[in-house]
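Asks: Quick one: the structure is below, and I'll ask about it shortly.
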Amino acid sequence: MNLGGFKNREILVNLTTGLVDYRKINEEDARKYIGGRGLGVKYVLDNGPQVSPLSEDNILCMMTGPVTGSRVSMSGRLCFVTKSPLTGTVTDSHMGGWTAARLKWAGIDNVIIKGRSDKPVYLYIENGQAEIRDASSVWGLSTRETVKVFKEKYGEKDLSVACIGIAGENKVLYAGFMNEHDRSAGRGGTGAVAGDKMLKAIVIKAAQKGNMPVAADEEAYKPAIQAGLKAIMESPVTAPRKGGLSVYGTNVLANIMNTVGAIPAKNSQYSHFEGTEGHSGETVNATILIADNGCHACPVTCKKEVEVKEGKYKTKTESFEYETGWALGANCGLSDANAIAFMLNQCNEYGLDTIEIGNALSVTMEAYQRGLIDERVEWGDADKMIELIEKAANREGFLGNAIADGPGRAAARYGAPEMAMVVKNQSIPAYDPRGAQGIGLGYATSNRGACHLRGYTIASEIMGIPEPTDRLKPEGKGELLKIFQDLHAFSDSMNICKFSAFAENADLYADQYSAMTGIKLSADDVLKIGERIYNLERYYNNLAGFNTRVDDMLPKRFLEEPASGGSAGSVCHLDVMLDEYYTARGWNEGVVPDSKLKQLEIV
């Protein structure tokens, strides 16, 4: 392959046989699916959509993109792709920090792992080579303890560790990977897949000097980078030390979403919560914030490190996100930022997705509220939440196991499946569809289960980016969502941070990709490739059994029970939007027709 940005080297690991091999990247696949998410989904599809997620036949792909580890702003994202044990769909989960950059600097683009070891192992990568090594000494350790062991063994300098905690070892269905900077690839259960394979960690030793990706068109590369950086520096959202995302992190949204009545509260029984201020970005900054941290090639520094210095919730951890604050806060009737920080640290140590466990806890609270379970689990009881997080990570007892399997399965066990605020068994994030119609459509049609990051219409509906739309009107949201989904599919495959889209657009992405790879793309090409990737995922899901309109439905609560607060009386008008969306996509009730697959050159 002769494309700039790539090292043109993938590691193939078979944990059953203990063999490691290497291959070059197919150039046609790289041109069609870019890298990262897109190329990873292609590999997972080629492996077969009928495999069991927790089996040696499933593959776990660790993916970078053509600009990863470069001077392109926000190019430090890493992508895990697999078949999800939580949803049964294809899934991809991303983390920041320096892990992706170090993988590229080590001379590797991607790692594809198959099989299952008969003992705990980790993968060690350095200088373009990989070895499977014994992990018995770290099996059972927390993520931070694991990182500490490897730092002592290999030296802290130029080292990155992506590992699972005991939640992954115990195959909690939403366990994820954590790295040395508390960056998480949380959603979809990639950590459970690793745990099933007895894979504790991927350890990478690589320095930046002399190893950064080489652009195919150096003359165009510098101005393309400068234009992207200029947009980021001038955006009212991303501008360093000025923009809301930089100053408060993602938690800048807590008070905003609560004011408009679009923050799901007490398992979405309400769409506002009086205690939101207690865990908002403003409160966190004023009380427990100790550092603004960033990732490779990122000036925004949106990661907020916090410390509770005394009391029973004494802790120090990263990163207090809006999603985490909501999932463990308003969603569970809790306003105490100190308690939430303690639970965040728990989840980081165990390797748990905070969105999923927050929803599993809120389902359990509603079950107790309804009298469906005997064990007392009251709204806002932080100490009980802490106890149940530990039990879930260890799969201890009836509630621990129920929570460990996610809110969809937990609600069914409690006898009221309608309590689960899930799509395809994955929990909703921190935006109530009754207060922002487009995001509801986004949850319903996300290929990895309920997700705000597949198509972040909140940018338009709440923030007015790139232009404002009426958040309570369903009309036009099908077309709007498709554009967001296609754009994000491309950026996730180029593997740059989703937050770049607050400042950059398809033209800037096209210029950066073109300069790096040498393949000239336009903004229209970017959206066309994104459309191909989104349809590839949907095609996988169709083959895996998700092939009716019912699979793209929201919980009835959002469709029938009116919102409260600033969106009082509103419900989500999903059917209207779904019809428009299917028309925009050219799908037949959620199924990609053969003509569309051929048009997009998928088959």
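Asks: Does region 308-322 hold any residues that are outside any loop (DSSP other than H, G, I, E, B) and crowded, with 24+ Cβ neighbours inside 10 Å, and which are they?
Replies: Within region 308-322, just Y322 meets the criteria.
Asks: In addition: Given the conditions (1) over 24 Å from I483 (Cβ atoms); (2) open to solvent by less than 70 Å² (accessible area, probe 1.4 Å); (3) free of Cβ contacts under 8 Å to residues at least 60 places away in the same chain; (4) not hydrophobic (A, V, I, L, M, F, W, C), and given that D594 satisfies all but one, which numbered condition is not satisfied?
Replies: (2)
Asks: Moving to a separate point now. What is the one condition in (1) free of Cβ contacts under 8 Å to residues at least 40 places away in the same chain; (2) surrounded by 19 or more Cβ atoms within 10 Å (Cβ to Cβ); (3) in a helix (DSSP H, G or I) that N331 does not satisfy?
Replies: Result: N331 passes all but (1).
Asks: Output yes when any residue across region 202-224 is open to solvent by 30 Å² or more (accessible area, probe 1.4 Å), part of a loop (DSSP other than H, G, I, E, B), farther than 21 Å from E318 by Cα and of a type in the set (K, R), and no when none is.
Replies: yes
Asks: Still on this structure, I have one more. Suppose the filter is out of contact with any Lys or Arg (no Cβ under 7 Å at 6 or more places or on another chain), modelled with pLDDT of 95 or more and closer than 30 Å to V51 by Cβ; does Y513 pass it?
Replies: no
Asks: Could you list, in sequence order, all residues of region 15-42 that are of a type in the set (V, I, T), surrounded by 22 or more Cβ atoms within 10 Å (Cβ to Cβ) and part of a loop (DSSP other than H, G, I, E, B)?
Replies: Of all residues in region 15-42, those of a type in the set (V, I, T) come to 16-17, 20, 25, 34, 41.
Now drop any that are not surrounded by 22 or more Cβ atoms within 10 Å (Cβ to Cβ), which leaves 34, 41.
Passing the criteria: only I34.
Asks: Condition test on E152, is it part of a helix (DSSP H, G or I) and open to solvent by 10 Å² or more (accessible area, probe 1.4 Å)?
Replies: Numbers: part of a helix (DSSP H, G or I): yes; open to solvent by 10 Å² or more (accessible area, probe 1.4 Å): yes.
Criteria met by E152.
Asks: Next question. Could you please find all residues in region 167-182 being open to solvent by less than 10 Å² (accessible area, probe 1.4 Å) and either in contact with a Cys (Cβ under 8 Å, 6 or more places away or on another chain) or of a type in the set (D, E) (or both)?
Replies: Residues of region 167-182 open to solvent by less than 10 Å² (accessible area, probe 1.4 Å): 167-168, 172, 174-179.
Selection gives F177, M178, N179.
Asks: I'm trying to understand the selection: among the residues of region 65-112, which are under 24 Å from L352 (Cβ atoms), out of contact with any strand residue (DSSP E or B) (no Cβ under 8 Å at 6 or more places or on another chain) and open to solvent by 10 Å² or more (accessible area, probe 1.4 Å)?
Replies: P85, G88
Asks: Taking only pairs six or more apart or across chains, which ones have beta-carbon atoms under 6 Å, a first residue in region 122-150 that is under 15 Å from G191 (Cβ atoms), and a second residue that is assigned to a loop (DSSP other than H, G, I, E, B)?
Replies: Listed by first residue and then by second, the contacts come to Y122/A135; A135/P120; W139/P120; S142/G165; T143/G165; T143/G351; T146/V138; V147/E180.
Asks: Taking the condition of being open to solvent by 10 Å² or more (accessible area, probe 1.4 Å) and assigned to a helix (DSSP H, G or I), how many residues in region 415-460 meet it?
Replies: Selection size over region 415-460: 2.
Asks: Does V237 count as open to solvent by 10 Å² or more (accessible area, probe 1.4 Å), touching a Phe, Trp or Tyr at 6+ places or on another chain (Cβ under 8 Å) and not in a helix (DSSP H, G or I)?
Replies: yes
Asks: OK, next. Return the total of residues in region 560-591 being assigned to a helix (DSSP H, G or I), touching a residue at least 24 places away in the same chain (Cβ under 8 Å) and farther than 23 Å from L480 by Cβ.
Replies: Selection size over region 560-591: 1.
Asks: While we're looking at this one, here's another question. Looking at (1) open to solvent by 20 Å² or more (accessible area, probe 1.4 Å); (2) closer than 23 Å to E418 by Cβ; (3) part of a loop (DSSP other than H, G, I, E, B), can you tell me which one S268 breaks?
Replies: (1)
Asks: Still on this structure, please answer the following. Given the conditions (1) farther than 25 Å from T354 by Cβ; (2) open to solvent by 10 Å² or more (accessible area, probe 1.4 Å), which single one is not true for L123?
Replies: Unmet condition: (2).
Asks: Something else about it: Return the total of residues in region 148-188 being out of contact with any Ser or Thr (no Cβ under 9 Å at 6 or more places or on another chain) and not polar (S, T, N, Q).
Replies: 15
Asks: Any residue in region 424-444 that's of a type in the set (D, E): show its pairings with residues that are assigned to a loop (DSSP other than H, G, I, E, B) at Cβ separation under 6 Å, as long as the two are six or more apart or on different chains.
Replies: What qualifies is D432/A262; D432/P264; D432/S271.
Asks: Looking at (1) open to solvent by less than 30 Å² (accessible area, probe 1.4 Å); (2) assigned to a loop (DSSP other than H, G, I, E, B); (3) of a type in the set (G, A, S), which one does S160 not meet, given that it meets all the others?
Replies: Looking at each condition in turn, S160 falls short on (2).
Asks: To continue, here is another question. Looking only at residues in region 50-60 that are in contact with a Ser or Thr (Cβ under 9 Å, 6 or more places away or on another chain) and of a type outside the set (A, V, I, L, M, F, W, C), which one is most open to solvent (accessible area, probe 1.4 Å)?
Replies: E56
Asks: Take the residues of region 183-201 that are in a strand (DSSP E or B) and open to solvent by less than 10 Å² (accessible area, probe 1.4 Å): which is nearest to E318 (Cα to Cα)?
Replies: Step one: of region 183-201, the residues in a strand (DSSP E or B) are 184-185, 199-201.
Keeping just the survivors that are open to solvent by less than 10 Å² (accessible area, probe 1.4 Å) gives 185, 199-201.
Working: A185: 14, L199: 24, K200: 21, A201: 20 Å.
Step by step, filter region 183-201, then rank; the result is A185.
Asks: Here's another thing I want to ask about it. Given the criterion hydrophobic (A, V, I, L, M, F, W, C), part of a loop (DSSP other than H, G, I, E, B) and at negative phi, identify the matching residue among L12, L45, L54.
Replies: So the residue among L12, L45, L54 that is hydrophobic (A, V, I, L, M, F, W, C), part of a loop (DSSP other than H, G, I, E, B) and at negative phi is L54.
Asks: Here are some conditions: (1) closer than 24 Å to E219 by Cα; (2) assigned to a helix (DSSP H, G or I). I496 meets all but one. Which one does it not meet?
Replies: Single failed check for I496: (2).
The values are calculated or read from the model by the stated rules, or taken from the named source; none is laboratory data. It should be emphasised that the depicted structure is a prediction, and the values quoted were computed from it without experimental measurement. Counting neighbours? That spans all protein chains shown, and the Cβs are built from the backbone with ideal geometry, glycine included. Only protein heavy atoms, including side chains, enter the accessible area calculation; ligands, DNA and RNA are left aside. Shrake-Rupley method; radii C 1.70, N 1.55, O 1.52, S 1.80 Å.
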